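Chemist: Structure incoming, see below.
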Amino acid sequence: MKRNKYLIVLAGMIMQLSIGSIYAYSKWIEPLSVALNWDAHDTKTGFSLAICFLGLTAAFMGKLAQKVGPTKAGLIATVFLTLGLLGSAFAVNVGNIYLFYVTFGVLQGIGLGFGYVVPVYTVVKWFPEKPGLASGIIIMSFALGSLLASFLIGPLITSMGLSGAFATLGIGYGICMLLSALYLANPENARAIAHAHVDLTPKEIITDKRFIALWLLLFLNVCGGIAIISKAAILGQEVVGMSAAQATMFVAIIGLFNGLGRLFWSSISDKIGCWTTFMIFIGINVVCFALIPSFSTSSVSFQILTYIIIAGYGAGFATLPSFVKSIFGIEKYGQVLGYTLTAWSAAAFVGPLLLGLSTEITIFYLFSILLIIALIVGIWLKGLLARAL
């Protein structure tokens, strides 16, 4: 069946919207803690595991995903994510947090990994002239998935209970992902649009200094943003005294800016280059993280700074695919991108862990320092790229 490239984009967006619900995880923490008496810190481990297995799957199964094609890989994503959420419903029903880790964290995480890379790999091939914008639109949808989920989770819990909410989302997202997977396909001329590439083995990839620099850039940029996302609702209530309804809106707007940041900065990268784009949004976030402790007494200022930070956080993911492609070439792009996403896995544990080191708002200075280190890494990468010419 002949595919329309714009419907391919739509199919990719639907899959990303479905898996993006993971970013609304902070909406689950309090209900799980209250209903099952699970410690909030232990509950967050489910989120960290899901993101960890997302990155690991992208790294070690990315090559398989490209080999079997978008439809089969999309179906794998559908099965694992659906089983993960249905299994989470059962784990919650029996009150077993370790089973919850396996289902919500591991099984769903594998589904997230396949579901994340497949649309990105596929859509970029349909739009070789605008790789930044193409990947930005798709990855924006992942962020907007949290916006949708933040409004669904609360009402579902109220009407169906925790177990019913997980099961309903599992079935709903499963249907959406199934329809998406059945339409996704590579362009017929995918080989013809391939660019010159660097032919590297996996060992050569992970020892390549350019890869190491990219990995560090993503890791350092993700740490602060994912720390905020992991407990956004709680931060809003504890730092500036938001009500439950205001915290829900806070989480939703975070999802919106996460998405808009991805679209805006990825489109900018097509014009000014990926390296320059990275340096700009990282530099902006250095300032924003440093300002948060001074403006934490104002709800409006705290929210504005947070939204800017999250936009820059999302920008890293949206700009990364075209950055990797420009350095390593399209033939190795998928494999290298997968390995680079393990930085996301690492940051999913490190970021929330660092945020939990102190209850003082001054902990945000630490994330500003990490981003200063990221700027130094970026300068190092610039030198590596110049020498490679």
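Chemist: Which value, in debye to the nearest 20, gives the size of the charge dipole of segment 5-388 about its Cα centre, when Lys and Arg are +1 and Asp and Glu are -1 at the Cβ? Can you show the working numbers first?
Modeler: Numbers: 19 positive and 12 negative charges, 184 e Å.
Dipole magnitude for segment 5-388 comes out near 880 debye.
Chemist: Assuming a ≥ b ≥ c are the square roots of the Cα gyration tensor eigenvalues, decide whether segment 5-388 counts as rounded (a/c under 1.5), prolate (otherwise, with a/b larger than b/c) or oblate. Before the final figure, lay out the partial values.
Modeler: Values: a/c = 1.77, a/b = 1.18, b/c = 1.51.
The shape class here is oblate.
Chemist: Further, regarding this structure: Is segment 54-197 rounded, prolate or oblate when judged by the Cα gyration tensor, a ≥ b ≥ c being the square roots of its eigenvalues, rounded requiring a/c under 1.5 and prolate requiring a/b larger than b/c?
Modeler: Details: a/c = 2.63, a/b = 1.98, b/c = 1.33.
Judged from the Cα gyration tensor, segment 54-197 comes out prolate (a/c at least 1.5, a/b above b/c).
Chemist: Here is a further query. Be a star and scan segment 225-249 for residues whose amide nitrogen sits under 18 Å from the point 7 Å along the Cα-to-Cβ vector of Asp39.
Modeler: Zone members listed by number: 231.
Chemist: Give the relative contact order (percent, whole number) for segment 116-194; include only Cα pairs under 8 Å separated by 6+ residues.
Modeler: On the way: 32 pairs, mean separation 32.8, N = 79.
Here the relative contact order equals 41 percent.
Chemist: Just tell me which lysines come within less than 27 Å, Cα to Cα, of Lys125; anything on the same chain fewer than 8 places away is out.
Modeler: Leaving aside lysines fewer than 8 places away in the same chain, those within reach of Lys125 are Lys2, Lys5, Lys63, Lys67, Lys72, Lys203, Lys209, Lys271, Lys325, Lys332, Lys382.
Chemist: Follow-up. Put +1 on the Cβ of every Lys and Arg and -1 on every Asp and Glu Cβ in segment 5-388; which of Leu152, Trp265, Phe100 then has its Cα farthest towards the positive end of the dipole?
Modeler: In segment 5-388, that residue is Trp265.
Chemist: Below 8 Å between Cα atoms, with a sequence gap of 6+, how large is the relative contact order for segment 289-389 in percent?
Modeler: Values: 35 pairs, mean separation 35.6, N = 101.
That works out to 35 percent.
Chemist: Something else: Using helices alone, what [θ] at 222 nm do you get for the chain, with -39,500 (n - 2.57) per DSSP H run of 4 or more residues, divided over all residues and rounded to the nearest 500? Let's see the in-between values first.
Modeler: Numbers: 16 runs with 324 residues, N = 389.
Per the formula, -28500 deg cm²/dmol.
Chemist: Next question. Between Ser159 and Thr297, 0.36 nm times their residue separation minus their Cα-Cα distance comes to what?
Modeler: Working: separation 138, 0.36 × 138 = 49.68 nm, distance 3.54 nm.
Net length gain for the segment: 46.1 nm.
Chemist: Let me ask something additional. In what sequence, highest mean first, do 246-259, 25-38, 350-363 appear when ranked by Cβ atoms within 10 angstrom? Show your work: numbers first, answer last.
Modeler: Numbers: 246-259: 22.6, 25-38: 18.6, 350-363: 15.9.
The densest-packed peptide leads the list: 246-259, 25-38, 350-363.
Chemist: Figure the gain on full extension for Thr359 and Glu30 (residue separation times 0.36 nm, minus the Cα-Cα span) and round it to one decimal in nm.
Modeler: Working: separation 329, 0.36 × 329 = 118.44 nm, distance 1.76 nm.
Gain on stretching Thr359 to Glu30: 116.7 nm.
Chemist: Further question on the same structure: Using only the alpha carbons, work out the radius of gyration and Dmax of segment 261-308 in angstrom.
Modeler: So, for segment 261-308, Rg and Dmax equal 12.9, 38 Å respectively.
Chemist: Suppose every K and R has +1 on its Cβ and every D and E has -1 on its Cβ; what is the size of the dipole of segment 1-148 about the Cα centre, in Debye to the nearest 20?
Modeler: Details: 10 positive and 4 negative charges, 165 e Å.
Roughly 800 debye, rounded to the nearest 20.
Chemist: Still on this structure, I have one more. Report the one residue of Leu337, Ser88, Ser141 whose Cα lies farthest in the direction of the positive end of the charge dipole of segment 5-388 (charges on C-beta: Lys and Arg +1, Asp and Glu -1; origin at the Cα centre).
Modeler: Result: Leu337.
Chemist: Hey, another quick one. For labels at Lys130 and Arg3 in the simple 7 Å Cα→Cβ model, what's the distance in nm?
Modeler: For the pair Lys130/Arg3, the computed spacing is 1.8 nm.
Chemist: Normalised by the residues of segment 5-388, what does the relative contact order come to in percent, with Cα pairs under 8 Å and at least six apart?
Modeler: Value for segment 5-388: 26 percent.
No lab work stands behind these numbers, since they all come straight from the coordinates. Keep in mind that what you see is a predicted model, and the values were worked out from it rather than measured. Cβ coordinates were reconstructed from backbone atoms using ideal geometry, including for glycine residues, and neighbour counts include every protein chain displayed.
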